[in-house]
Each structure stands twice: as C-alpha cells, then as structure tokens.
Amino acid sequence: MTDTKEKLMVHIIDHPLVQHKLTLMRMKETGTKDFRELLEEIAMLMAYEITRDLPLEDVSIETPVAPCRAKRLAGKKLGIIPILRAGLGMAEGVLRLVPAARVGHIGLYRDPKTLQPVEYYCKLPSDVGERLFIVVDPMLATGGSSVAALDLLKEKGAKSIVLLCLVSAPEGVRAVNKAHPDVPIYVAAVDERLNERAYIVPGLGDAGDRIFGTL
Ligand code: URA
C-alpha cells in the first residue's frame, strides 16, 4: 500500500514483468495486436497479485497414488466486472487466471451537458451479495466512471469489491478514495496528472481506441 504525501490510498503493483509490459504499452509505436495482448498479460499478472490472500480450505482427495488432504479456494466466489468498453481488454486476462468467475458488465457514457457518467447497461450475476467483485478499467482518470460503477454495484447489493486499473491519475485515485474508502484500488502506475482533455499524462493515450483499433 502506498500512502503518498497527499494520502492517496492505492496499491501499486510493481512486479518487474508488469512494469516492463506497461512500458511497451505506453509506447506510441505499439500496435493494436500487441497492445491487446500486453493488456491481457498484465491483467493476468495483476490478478495473480491481488488474489494472493484469498482464503483456502482443506479437502480430502485421492491422487492416482494415495488419498491426501489438499487445499482449495474457500469463501466468496469471484465476479469480474469490466466497465465498457476498455475494461473488456482487462477482463480477458483476469478470466484466464480465474476461469470459473462470473462476468458482469457495466456500461456508462458521459452526459455532454452535465459531464456526469450515465448508466446505459448493467448486467450482473444474480448472487451479487455473495461474491468478491473485481471491477476492471484500464484508465483511472477523473474517477467519474469508477465511482459511478462502484455506486451501482453497491446499490445492487455488492458488499466486497476491489478496483483494478492499469494506469491512474492522482485525481482519479482521490475521487475513488473519497467516495468509496472501503474499496481497495490496485494499479500498475500513478502518473503525474490529467491534461485539459482529461487524458492521463504521460499515460498511454485512449485505451479503448488502442485495444479495439478505432484510433
Ligand atoms: N481514458 C483513456 O483511455 N485514457 C486516458 O488517458 C484517460 C481516460
């Protein structure tokens, strides 16, 4: 947990493979195919880190050689919630690591007049209150979409949520910390700032456009 001078509460995943792949993703020469593959790989590595404290329980099994006691995941089952559309690129990576997880989707657009996020799509697993949700969105910029998605998930009954992003701006981390202090935030980097168009600086550009090749 990094508690910076301005009291941002955020976990920075500084694994060398994550940082190396992030650098490749930031480079403007990196094309859509590589960008998408790198995002999936990073999401998988980050999910490995954030799931390291999941509780285990003992079970009795038989191997081809002998009966034995072994470990399996216990407690809440996982749910992955990509915020559309860029979150889809990260959800694939998390799902490769936790293939039995349920996947919900939250779609938000920004109202051009109020500039506030508005929900246009929300489909969640039915047992919302019994799952640990990993909300995924590569870019935590102003924090508006993340805060709205977390509001919505809690309204629907979610009790246990973490937010997984790739690159964040201090502004976005601050907004989520303020609105949802109970939700841990995991990122690969906290960049300098937002620019006047709400892009993260230096960031990596528009994540959705780079994932889907809609530049
Ligand atoms: N969304 C992006 O895709 N990139 C940014 O820099 C900010 C928001």
Original post:
Has segment 200-214 got any residue that is of a type in the set (Ser, Thr, Tyr) and either closer than 16 Å to ARG26 by Cα or buried (at least 16 other Cβ atoms within 10 Å of the Cβ) (or both)?
Top reply: no
**OP:** Consider only pairs whose beta carbons are under 6 Å apart and that are at least six residues apart or on different chains; among these, list those whose first residue lies in segment 190-215 and is closer than 10 Å to MET139 by Cβ and whose second residue is of a type in the set (D, E, K, R) and open to solvent by 30 Å² or more (accessible area, probe 1.4 Å).
**Re:** LEU204/ARG26; GLY208/ARG85
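Could you tell me whether segment 53-67 includes any residue that is within 27 Å of ASP14 (Cα to Cα), buried (at least 18 other Cβ atoms within 10 Å of the Cβ) and aliphatic (A, V, I, L, M)? I'd like the intermediate steps shown before the answer.
First, the residues of segment 53-67 that are within 27 Å of ASP14 (Cα to Cα): 53-56.
Going one step further and asking which of them are buried (at least 18 other Cβ atoms within 10 Å of the Cβ), we end up with none.
No, there is no match, as no residue in segment 53-67 is within 27 Å of ASP14 (Cα to Cα), buried (at least 18 other Cβ atoms within 10 Å of the Cβ) and aliphatic (A, V, I, L, M).
Just to be sure, is GLY172 touching a Lys or Arg at 6+ places or on another chain (Cβ under 9 Å) and open to solvent by less than 70 Å² (accessible area, probe 1.4 Å)?
Values: touching a Lys or Arg at 6+ places or on another chain (Cβ under 9 Å): no; open to solvent by less than 70 Å² (accessible area, probe 1.4 Å): yes.
Taking the combined requirement at face value, the residue does not satisfy it.
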Subject >> Of all residues in segment 1-29 being touching a residue at least 24 places away in the same chain (Cβ under 8 Å) and under 18 Å from ASP209 (Cβ atoms), the one that is surrounded by the most Cβ atoms within 10 Å (Cβ to Cβ) >> reply: MET25
Original post:
Quick one: is GLU49 farther than 22 Å from LEU204 by Cα, among the charged types (D, E, K, R) and not in a helix (DSSP H, G or I)?
Top reply: no
Original post:
When you look at GLU196, is it within 16 Å of the ligand (Cβ to nearest atom), among the charged types (D, E, K, R), within 19 Å of LEU22 (Cα to Cα) and open to solvent by 40 Å² or more (accessible area, probe 1.4 Å), yes or no?
Top reply: no
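Could you please give the count of residues in segment 176-215 that are in contact with a strand residue (DSSP E or B) (Cβ under 7 Å, 6 or more places away or on another chain) and either within 24 Å of VAL162 (Cβ to Cβ) or of a type in the set (Gly, Ala, Ser) (or both)? Steps first, answer last, please.
Going residue by residue through segment 176-215, those that are in contact with a strand residue (DSSP E or B) (Cβ under 7 Å, 6 or more places away or on another chain) are 176-177, 183-195, 200-201, 203-204, 207.
Within this subset, residues satisfying the condition of being either within 24 Å of VAL162 (Cβ to Cβ) or of a type in the set (Gly, Ala, Ser) (or both) are 176-177, 183-191, 194, 200, 203-204, 207.
The total comes to 16.
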**OP:** Would you please list the contacts, defined by Cβ atoms under 7 Å and residues six or more apart or on different chains, that run from a residue in segment 159-186 that is under 19 Å from ALA47 (Cα atoms) to a residue that is surrounded by fewer than 22 Cβ atoms within 10 Å (Cβ to Cβ) and of a type in the set (Lys, Arg)?
**Re:** SER160/LYS76
Original post:
Residues of segment 138-171 being away from the ligand (no atom under 13 Å from the Cβ) and aliphatic (A, V, I, L, M), which ones?
Top reply: VAL147, ALA148, ALA149, LEU150, LEU152, LEU153, ALA158, ILE161, VAL162, LEU163, LEU164
Original post:
What do you reckon, is LEU215 at pLDDT below 95, hydrophobic (A, V, I, L, M, F, W, C) and within 14 Å of the ligand (Cβ to nearest atom)?
Top reply: yes
Original post:
Is it the case that segment 109-121 has a residue that's at pLDDT 95 or above, open to solvent by 40 Å² or more (accessible area, probe 1.4 Å) and not acidic (Asp, Glu)?
Top reply: yes
**OP:** Could you grab me the full set of residues in segment 67-100 that are out of contact with any helix residue (DSSP H, G or I) (no Cβ under 6 Å at 6 or more places or on another chain) and small (Gly, Ala, Ser)?
**Re:** ALA70, ALA74, GLY75, GLY79, GLY87, ALA91, ALA100
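The values are calculated or read from the model by the stated rules, or taken from the named source; none is laboratory data. Given the structure is predicted, the values throughout are model-derived calculations rather than measurements. FYI the Cβ positions are ideal-geometry reconstructions off the backbone, even for glycines, and counts take in every protein chain you see. Heads up: the accessible areas ignore ligands, DNA and RNA and are worked out on the full protein's heavy atoms, side chains in. Shrake-Rupley method; radii C 1.70, N 1.55, O 1.52, S 1.80 Å.
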